[in-house]
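A.B. asks: Sharing a structure with you now.
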Amino acid sequence: MADQLEHFKPLRAVYGNIDDGAMQQRFPEDLWFTCEGLKIWMTHIGGAPPNYNPRVKSIFKNKIPDIFICGHSHVLKIMRDPKLNNMLYINPGAAGRHGFHQIKTLVRFDILDSKISNLEVIEMGKRGAIE
């Protein structure tokens, strides 16, 4: 799937807890980058406001992104965290066929001149459905 996405658009990704060694070598655990003036951090296991996991809490003590994207829980959630400089928290849910989620979801948005727009949740059908 990663190869297909890379052929479609530029891909930024992190590995997850069920990814094999090849995926763990290809993608990092944490990805920090700047896009249109916003600092973005992606990692797989992050928790959710206000209950971030201990590793993430420790990093937030020294560095807070404008956008924090994580997953693992398979629970779609998008919100601002007022305790962390109004950071935008995004968990896109889950797009795979395995897990306890019922509907496959992903999140798409635009960033231009440090502004987020066109944020949308895309539902891709039931979890067990084959594309």
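A.B. asks: When you scan region 123-130, do you find a residue that is in contact (Cβ under 8 Å) with a residue 12 or more places away in the chain and within 24 Å of residue 37 (Cβ to Cβ), even just one? Outline the logic, then answer.
C.D. replies: Our first condition is that a residue be in contact (Cβ under 8 Å) with a residue 12 or more places away in the chain; within region 123-130, this holds for 123-130.
So of that shortlist, the ones also within 24 Å of residue 37 (Cβ to Cβ) come out as none.
Within region 123-130, not a single residue is in contact (Cβ under 8 Å) with a residue 12 or more places away in the chain and within 24 Å of residue 37 (Cβ to Cβ).
A.B. asks: Out of all the residues in region 41-54, is one or more open to solvent by 30 Å² or more (accessible area, probe 1.4 Å), among the β-branched types (Val, Ile, Thr) and touching a residue at least 40 places away in the same chain (Cβ under 8 Å)?
C.D. replies: no
A.B. asks: List pairs: first in region 1-20 and under 21 Å from residue 35 (Cα atoms), second of a type in the set (Asp, Glu), Cβ under 7 Å, 6+ apart or cross-chain?
C.D. replies: From region 1-20, the pairs are 14/29; 14/30; 15/29.
A.B. asks: I'm checking my understanding of the structure. Among residues of region 6-40 that are surrounded by 14 or more Cβ atoms within 10 Å (Cβ to Cβ), among the aliphatic types (A, V, I, L, M) and in contact with a helix residue (DSSP H, G or I) (Cβ under 9 Å, 6 or more places away or on another chain), which one is farthest from residue 70 (Cα to Cα)?
C.D. replies: 23
A.B. asks: Kindly check whether there is at least one residue in region 92-106 that is free of Cβ contacts under 8 Å to residues at least 40 places away in the same chain, hydrophobic (A, V, I, L, M, F, W, C) and over 22 Å from residue 5 (Cβ atoms).
C.D. replies: yes
A.B. asks: Within region 83-103, does at least one residue satisfy the condition of being more than 20 Å from residue 119 (Cα to Cα), open to solvent by 20 Å² or more (accessible area, probe 1.4 Å) and either in contact with a Ser or Thr (Cβ under 6 Å, 6 or more places away or on another chain) or of a type in the set (Phe, Trp, Tyr) (or both)?
C.D. replies: Yes, there is a match, as at least one residue in region 83-103 is more than 20 Å from residue 119 (Cα to Cα), open to solvent by 20 Å² or more (accessible area, probe 1.4 Å) and either in contact with a Ser or Thr (Cβ under 6 Å, 6 or more places away or on another chain) or of a type in the set (Phe, Trp, Tyr) (or both).
The values are calculated or read from the model by the stated rules, or taken from the named source; none is laboratory data. Every value quoted in this text rests on a predicted model; they were computed, and no experiment measured them. So basically every Cβ, Gly included, is an ideal-geometry build from the backbone, and we count neighbours across all protein chains shown. For the accessible areas, the whole protein counts, side chains as well, though only heavy atoms, and no ligand, DNA or RNA atoms are used. Shrake-Rupley method; radii C 1.70, N 1.55, O 1.52, S 1.80 Å.
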